[in-house]
Amino acid sequence: MPNGYTVDRVTQPGIYINGDPALFEVDSYTPTGYDPVSYGNQLDQNIGYGWGATLSIPILNNYAFKGNVEKAKISVINADIETEKLKQTLKTNIQNALTSARAARKSLEGAEAASRAARIALENADRKAALGALNNFEYLSARSRSDTAESNLLIARYDYYFQIKVIEYYMGRGIRLD
């Protein structure tokens, strides 16, 4: 704490009154010495009393740990449900692939029978045309039905082939083009 002061007058430059320079002085106080102040007195002079205490018991943290454990259990149950859901989806896809392959096989058998019948009908139309017993329209119609039956047979074969490849994929054999 200061125990004495000296006063000095300091001139301040740059002061003008009505455009004329004016002399303006300011008192400056400079301490001449200091008295020691004890620590206790410093605390007394800067009054700010306060005490605080915090107690944190992690066992009783608003049941957050127990809540986290329950959330983890729910996450495990959700993962199990999701896994079961994926298994069911895979099972459904495999069953659909098998059903599609069976349907494609039946479609192929039907297309083969239709192609044989159309081929026989075309052969008969060729014989009749050679004898002159068939007009041009009927012959072209038989030819068109035969071509359509052959085209449908090719489509049915490739569809069946594709369905077999899908089943092989689900069986884990991958996709191989033989």
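The values are calculated or read from the model by the stated rules, or taken from the named source; none is laboratory data. Bear in mind the structure is a predicted one, so any value in this text is a computation, not a measurement. So basically every Cβ, Gly included, is an ideal-geometry build from the backbone, and we count neighbours across all protein chains shown.
General observations
- Test: residue in the stretch 19-27 that is on the phi < 0 side of the Ramachandran plot, among the aromatic types (Phe, Trp, Tyr) and surrounded by 10 or more Cβ atoms within 10 Å (Cβ to Cβ): yes
Residues checked against (1) part of a helix (DSSP H, G or I); (2) of a type in the set (Asp, Glu):
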{"site": "GLY4", "(1), (2)": "no, no"}
{"site": "VAL10", "(1), (2)": "no, no"}
{"site": "PRO13", "(1), (2)": "no, no"}
{"site": "ASP27", "(1), (2)": "no, yes"}
{"site": "THR30", "(1), (2)": "no, no"}
{"site": "VAL37", "(1), (2)": "no, no"}
{"site": "ASN41", "(1), (2)": "yes, no"}
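- Any chance GLU112 is surrounded by 12 or more Cβ atoms within 10 Å (Cβ to Cβ) and among the acidic types (Asp, Glu): yes
- The stretch 155-175, subset among the basic types (Lys, Arg) and surrounded by 14 or more Cβ atoms within 10 Å (Cβ to Cβ), residue farthest from ASN93 (Cα to Cα): ARG157
- Looking across the stretch 15-25, just one residue is assigned to a strand (DSSP E or B) and either in contact (Cβ under 8 Å) with a residue 40 or more places away in the chain or among the hydrophobic types (A, V, I, L, M, F, W, C) (or both), and that is ILE17.
- All told, ALA97 falls short of being surrounded by 15 or more Cβ atoms within 10 Å (Cβ to Cβ), touching an Asp or Glu at 6+ places or on another chain (Cβ under 9 Å) and in a helix (DSSP H, G or I).
- Residue within the stretch 118-139 that is farther than 30 Å from MET171 by Cα, outside the structural domain of ILE164 (by TED's automatic domain parsing) and hydroxyl-bearing (Ser, Thr, Tyr) present: no
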